[in-house]
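Each reported figure results from applying straightforward, stated rules to the coordinates on display, with no laboratory input. Keep in mind that this is a model prediction, so the values were computed, not measured. Note that we place each Cβ from the backbone using ideal geometry, even for glycine, and neighbour counts take in every protein chain shown.
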Amino acid sequence: MAASYTFSCDCGAVEFTVEGAPKVRGFCHCADCRNFLKVPYHSVDVWEKDQLTVNKGEDKLAEFQHPEKKMKRFFCSECGDTLFNSNSADWRVVSQLLVRRNNDGELPEALAPQSHFYYGERIVDIDDDLPKKE
C-alpha cells in the first residue's frame, strides 16, 4: 500500500492528502522560488498534481498566479496559510515546514531531504552532507 499524508492549514478549514512517494525531497535554491516565496531557499516535498486530493474546504482554497512565471501559490482564504505551490511542471510543492507542523514538529523519514537542487543559483551556502546539484 502506498504511503499517504494528510495536511491542513492553521485554522483547519482546508485539508488535503498526497498519495505515494514524492518526486523530489530536498532544498530548492532556484531564483524562481526565492522570488516567488521571498525565502533564501525552500525545503520541499514535491508530488505530481494527480497525487494530491483536497479532502475538505475546496471552496476555501484560494490561489495566486505569479504575474510572470508558471507558478501558483494555493492558500486558505480563511487564515491565509499557504498549503502548497505549483511549479512550471504543474507539480505540487509542499513546504517541509507545513509537513512538520502537521506531524507534531517531526519530519517523517520518507519525506526527509535527499539533496539540494539548483544549488548553483544559491545565495547562501549550506554546510551539510547532502548532494548539491547544480
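Give me Rg over Rh for region 4-121, both radii from the alpha carbons and Rh done the Kirkwood way, two decimal places. In region 4-121, Rg relative to Rh is 0.93. Scaling against 2.2 N^0.38 Å puts the C-alpha radius of gyration of region 72-134 at 1.32. Taken over the C-alpha atoms, region 17-79 has Rg and Dmax values of 13.1, 33 angstrom.
Taking packing as the residue-averaged number of other Cβ atoms within 10 angstrom, the listed peptides 82-93, 113-124 run from highest to lowest as 82-93, 113-124. Straight-distance candidates among the lysines for linking to Lys70, with alpha-carbon spacing under 21 Å and chain neighbours fewer than 8 residues away dropped: Lys23, Lys38, Lys49.
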